[in-house]
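Any read-out appearing in this document is the output of simple, stated calculations on the displayed coordinates, not a laboratory observation. A quick note: this is a predicted structure, and the numbers were derived from the prediction, not measured. Backbone-built Cβ (ideal geometry, glycine too); neighbour counts: all protein chains shown.
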Amino acid sequence: MSIRDFIPEWSVPRQIKGADRWALGPAAQSRHQAQLTPRTKKADRVVKSVCPYCAVGCGQRIFVENEKITQIEGDPASPISRGRLCPKGSATRSLVQSPMREYKVKYRRPYGTEWEELSLDEAMDMIADRVIKTREETWEDEDEEGCHLHRTLGFAHLGGATLDNEENYLIKKFFTAMGAIQIENQARI
């Protein structure tokens, strides 16, 4: 391709000659670019979601084709992010479709060198047993001066930023009822 062939393809001559002086339309569009179609065009459906990464809770529009995510964009209807996403939020597709994603509960016993798979019920029972045991072993009814404490310092809770108010309320109530006093949420950190 010679320079003379290239010049008409360049946007500046089209901008100067045509009506699109600010290059906001056809003057800025190449032949190649005019043939491109967005990844969102072939989507079967669009699912609204919330980004799981940080405490902001940006709205997402997830484009799905054949039950696979094809694109994730910010949701313009979100009052929080107004259609914007950071690079992590834009890349959440890999959370769902990464070939390295684990789909089973993995557990490595103390001093163990290998991971073993557990059923979800077995893992939940292990966690419940450990919470109850820790509460029993670390419970404080009162201090040295006789002041009532009714607490445990044996465990704490850090909530996730993508939980809604109702979920956070129930978690706070549960851990308070268990006697924990170190209860925090990622959204405040």
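Scanning the stretch 34-59 for residues that are in contact with an Asp or Glu (Cβ under 6 Å, 6 or more places away or on another chain) and not charged (D, E, K, R), we see that the one that is farthest from ASN168 (Cα to Cα) is ALA43. Checking each residue in the stretch 97-132 for being aliphatic (A, V, I, L, M) and assigned to a strand (DSSP E or B) picks out VAL105, LEU118. Out of everything in the stretch 133-163 that is among the β-branched types (Val, Ile, Thr) and outside any loop (DSSP other than H, G, I, E, B), what residue ends up being surrounded by the most Cβ atoms within 10 Å (Cβ to Cβ)? Across the stretch 133-163, the extreme among qualifying residues is THR152.
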